[in-house]
1. Let me test this: with uniform point scatterers at the alpha carbons of the chain, what is the Debye-based log₁₀ I(q)/I(0) at q = 0.09 1/Å?
2. Separation between the Lys277 and Asn135 pseudo-spin-labels, each 7 Å from Cα along Cα→Cβ, expressed in nm?
3. Any idea what the dipole of the chain comes to, in debye rounded to 20, about its Cα centre with Lys/Arg Cβ at +1 and Asp/Glu Cβ at -1?
4. Got a sec? Charge dipole of the range 1-102, +1 on Cβ for Lys and Arg, -1 for Asp and Glu; which of Pro95, Cys75, Val43 is way out at the positive end?
5. Subtracting the Cα-Cα distance from 0.36 nm times the residue separation, let me have the gained length for Asn154 to Asp244 in nm, one decimal.
6. With charges set only on the Cβ (+1 for Lys and Arg, -1 for Asp and Glu), what does the dipole of the range 85-168 come to about its Cα centre, in debye to the nearest 20?
7. When the Cα atoms of the range 173-261 are enclosed in a convex hull and the volume is divided per residue, what value in Å³ results?
8. Starting from the Cα of Gln3, step 7 Å along the direction of its Cβ; do the same at Ala37; then give the gap between the two resulting points in nm.
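Just so it is clear, none of the values below were taken in a lab; they were calculated from the coordinates. This is a predicted model, so every value here is computed, not measured. A quick note on method: Cβ atoms are made from the backbone with ideal geometry, for glycine too, and the neighbour counts reach across all protein chains shown.
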Amino acid sequence: MPQDLLELIKKYKTCFLIAPSFPIDFKYPNIIGELKAIGADKVTELTFGAKIVNEQYIEYITKNPNQKYYITSPCPTIVSLIKLQYPELKQYLIPVVSPLIAQAKIVKQFYPECKIIFISPCKAKREIEAKEYQNLIDYVITFKELQQIFTELNINENEFENCNEKFDSLILSKTKIYPISGGLAHSAKIKNYFSDDLVCAVDGIINIKKTLNEIKNGTSKYKFFDILNCDGGCIGSFDINNHDKEKNLKAWIVLQYKTQMETEDKHSESHIEQHKKELKGTKFTREF
C-alpha cells in the first residue's frame, strides 16, 4: 500500500467512495469487507450523488428551455477537451457537478469526520477532477491500484463470501447504469423532456470529436448530448482490471448488479426525502 495512503487511513477516519463500474472487477458485498479489512470506516457508492445530479440536470433544463444544446459534464476528460479544444462550446456544458463530487458533498454532510478516498476506473478523476476539488477529495486510487493493494496484503475476495456488510449510502438502482454509455440520460429520464431523435449518447474519442465538431458548426440534429470519453462509457476505462472483457459483457455485469440490488434498494428509498432535506443549502452547481 502506498505510504501516504496508509498514513491517511491510520491517522483519520476514512470513507471510501467507489465508482459504479466496480462490479466489473469486484464482487458485492465482498468488496466492502475487503475495504474495511484495509482500514475503511465507511464505504459508499456514488448512487445518491448521481440521483442528485439527475435532479439538478432536470431543474437546469426546465429553467433554461431555450438553450440551443445541452452537453453533460460528469466526465472530466470531456470537460477538459471542450475547455481546451472547443471553448465556444463551454456555454452548452450543464453547470452541475459530477456524481463523484455530489457524493463527496453528501459524505461531508453526513460523515464530516471522514477523509474521502475515491476508487476510480480511470486516472482522469485523479489528475483532473480531484485536483480541482482538493477540499473534498483527499485521495484517489484506481481499480488496478486497489487490486495491487489487495494482492500485497493477501486479501482474497473469496474470504468474504459470507460478508454481510452494506454500503453506508442511500442506494438507488436506477443510477447504477451511469457507467454505461447513455446511462445518465436513461436514469434521469431525459426523454421525458426531449424526443428520442434529439437525444444523443456518444462515447469513444473519434465519435466524440465528430459530434463536437457538428455542434460547433451548428449542424447537429441533436439537442441533448450524453458524452463519456471511454469506449462504451466508463465501463471502457483503462484502469479497470478486466478492461479487455468484451464491451457488452461489461455492460451486462453492471446491469446484473443493478438487478441484484433492486430489492435492497427498495428498502433504502424511504429515507431519501429526509436525507435530501438535510442537504438543503448544499450547492451542486458549478461554473466553467
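1. -0.41
2. Inter-label distance under the simple model: 2.8 nm.
3. Charge dipole of the chain: 1040 debye, to the nearest 20.
4. Going by the charge dipole, the pick is Pro95.
5. Additional length available on full extension: 30.0 nm.
6. 440 debye
7. So the per-residue hull volume is 94 Å³.
8. 2.6 nm
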